[in-house]
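These notes are about the structure you will find just below.
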Amino acid sequence: MRHTSLAVTVAAGAATLLIAACGSSSSSASSSSSPAASSAGSSSTSAAGGSTGSASGKFLGCMVTDTGGINDKSFNQSAWEGMQEAAAANSNVTVKYLPSTSESDYVPNINQFISDKCGIIVTVGFAMGTATQTSAAKNLKQDFAIIDNSYGKVIPNIDTLVYNTVQDGFLGGYLAAGMTKTGKVATFGGAQYPTVTIYMDGFYDGVQYYNQQHKKNVQVLGWNETTQKGEFTGDFTNETKGQTVTATFIQEGADIIFPVAGNVGLGAAKAVQQADAAGGNVNMLWVDTDGCVSAAQYCKYFISSVTKGITSSVKASVLSAAAGSFKGGSYIGDLSNGGVLLSPFHDFSGKVPASLQAELKTIQAGIENGSIKTPTKSPVS
């Protein structure tokens, strides 16, 4: 098949992290900030034999990307890093991926991996929910994991990995409101998926909570949590769209931008960079990963990053399948288990006031103990 030559295989190496295995609702996985994943590796191996996959007897972990690509500086890249870390932690694990350039690639890619006898197939993103569920129903002995999607019930051969990003989105909104000089901040999404708007809901309500606490009127451009209406570029790949929408926000007075759009966010960063070069004072928050690691060229503009522990939870799922302890269930990453968090301030460590940093810690504790309410929207679909 045409996809086979695109699969990338990575051999095992030295272990880099220790985490708890996940798969059931009681499991947990610590967060991880890994270097950007490389798509380089040895030539792909067509798996044969039993459920462990490769002809060499190694356990074969396979991943189908969403359309953003393996180097999207976001959830595809973070998931691939988790696959690589699983291979690094267990010398019997080999991993590879197939890229999806459109939604029409989802089913053929999954079917290719079924043919390859992969030990686990990891699918990335809410949009792959139906394709994954359909394949799992037809292949009951095949283990699956899916990122950013759940089914409302336990499916024995699917490990759903979801993240309550409304919580760290709330912290990001509060931080943005505390750092703005113009009194306007902005957010936009790649597409109006629940896994996108949950971030935007949290961001919006974090700003409102700041206004309540400080008797301010910081405005949010690009999203209204109450009406569920806002700005979306329509995809996760077109950086020019991100640059255009961000430039418009800046013209409207926003000085902190929060893109929830994968690679499109790089266009937002470019617009922020251009505004800075023109004498403006515009900064931003990154999403999913620590932007100072995944998009280091723009680190000077990232106040922080609103992140989720995709890498660690994917690693845990692959290792549980390799160990024979896999079971379907729903892992929900939140502030209390480290599955979502605000990344370090990096270049802004001396610019974020100590009082604001202290407030963020207090708010995090309040969210964790339930005394501060975030939007009630569930992280699962």
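The values are calculated or read from the model by the stated rules, or taken from the named source; none is laboratory data. Quick caveat, the model's predicted, so the values are computed rather than measured. Using ideal geometry, Cβ is built from the backbone for each residue, glycine included, and neighbour counts are taken over all protein chains shown.
For the stretch 168-203, a tally of residues being hydroxyl-bearing (Ser, Thr, Tyr), more than 19 Å from the chain's Cα centre (by Cα) and surrounded by 24 or more Cβ atoms within 10 Å (Cβ to Cβ) returns 1. When every residue of the stretch 267-276 is checked against the conditions, none turns out to be under 18 Å from the mean Cα position of the chain (by Cα) and either in a loop (DSSP other than H, G, I, E, B) or in the same structural domain as residue 73 (by TED's automatic domain parsing) (or both).
Out of the residues in the stretch 259-280 that are at pLDDT 95 or above and of a type in the set (S, T, N, Q), which is farthest from residue 74 (Cα to Cα)? Among those residues, the one meeting the criterion is 274.
Among the residues of the stretch 220-248, which ones are touching a helix residue (DSSP H, G or I) at 6+ places or on another chain (Cβ under 6 Å), among the hydroxyl-bearing types (Ser, Thr, Tyr) and closer than 22 Å to residue 181 by Cβ? 246 - this is the single residue of the stretch 220-248 that is touching a helix residue (DSSP H, G or I) at 6+ places or on another chain (Cβ under 6 Å), among the hydroxyl-bearing types (Ser, Thr, Tyr) and closer than 22 Å to residue 181 by Cβ. Take residue 117 and decide whether it is at negative phi and among the basic types (Lys, Arg). Considered against the rule, which asks whether it is at negative phi and among the basic types (Lys, Arg), residue 117 comes out as no. Report yes if some residue within the stretch 188-196 is assigned to a strand (DSSP E or B), in the same structural domain as residue 264 (by TED's automatic domain parsing) and aliphatic (A, V, I, L, M); otherwise report no. Among the residues of the stretch 188-196, not one is assigned to a strand (DSSP E or B), in the same structural domain as residue 264 (by TED's automatic domain parsing) and aliphatic (A, V, I, L, M), which makes the answer no. Among the residues of the stretch 152-165, is there at least one that is surrounded by 24 or more Cβ atoms within 10 Å (Cβ to Cβ), free of Cβ contacts under 8 Å to residues at least 60 places away in the same chain and at negative phi? No, the stretch 152-165 contains no residue that is surrounded by 24 or more Cβ atoms within 10 Å (Cβ to Cβ), free of Cβ contacts under 8 Å to residues at least 60 places away in the same chain and at negative phi. It is to be established whether one or more residues within the stretch 127-150 are hydroxyl-bearing (Ser, Thr, Tyr), surrounded by fewer than 19 Cβ atoms within 10 Å (Cβ to Cβ), more than 30 Å from residue 210 (Cα to Cα) and at pLDDT 95 or above. Taking every residue of the stretch 127-150 in turn, at least one turns out to be hydroxyl-bearing (Ser, Thr, Tyr), surrounded by fewer than 19 Cβ atoms within 10 Å (Cβ to Cβ), more than 30 Å from residue 210 (Cα to Cα) and at pLDDT 95 or above. Per the listing 212, 243, the residue uniquely of a type in the set (S, T, N, Q), in a helix (DSSP H, G or I) and loosely packed, with under 13 Cβ neighbours inside 10 Å is 212. One residue stands out among those in the stretch 302-314 that are modelled with pLDDT of 95 or more and of a type outside the set (Ser, Thr, Tyr): the one that is nearest to the chain's Cα centre (by Cα), which is 306.
Close Cβ contacts (under 8 Å, 6 or more residues apart or on different chains) running from residues in the stretch 334-352 that are under 22 Å from residue 369 (Cα atoms) to residues that are of a type in the set (D, E, K, R) and in a loop (DSSP other than H, G, I, E, B) comprise 340/334; 343/290.
Annotation for the stretch 230-239: no member residue is over 18 Å from residue 165 (Cβ atoms) and more than 20 Å from the chain's Cα centre (by Cα).
The set of residues from the stretch 251-265 being buried (at least 24 other Cβ atoms within 10 Å of the Cβ) and assigned to a helix (DSSP H, G or I) comprises 264, 265.
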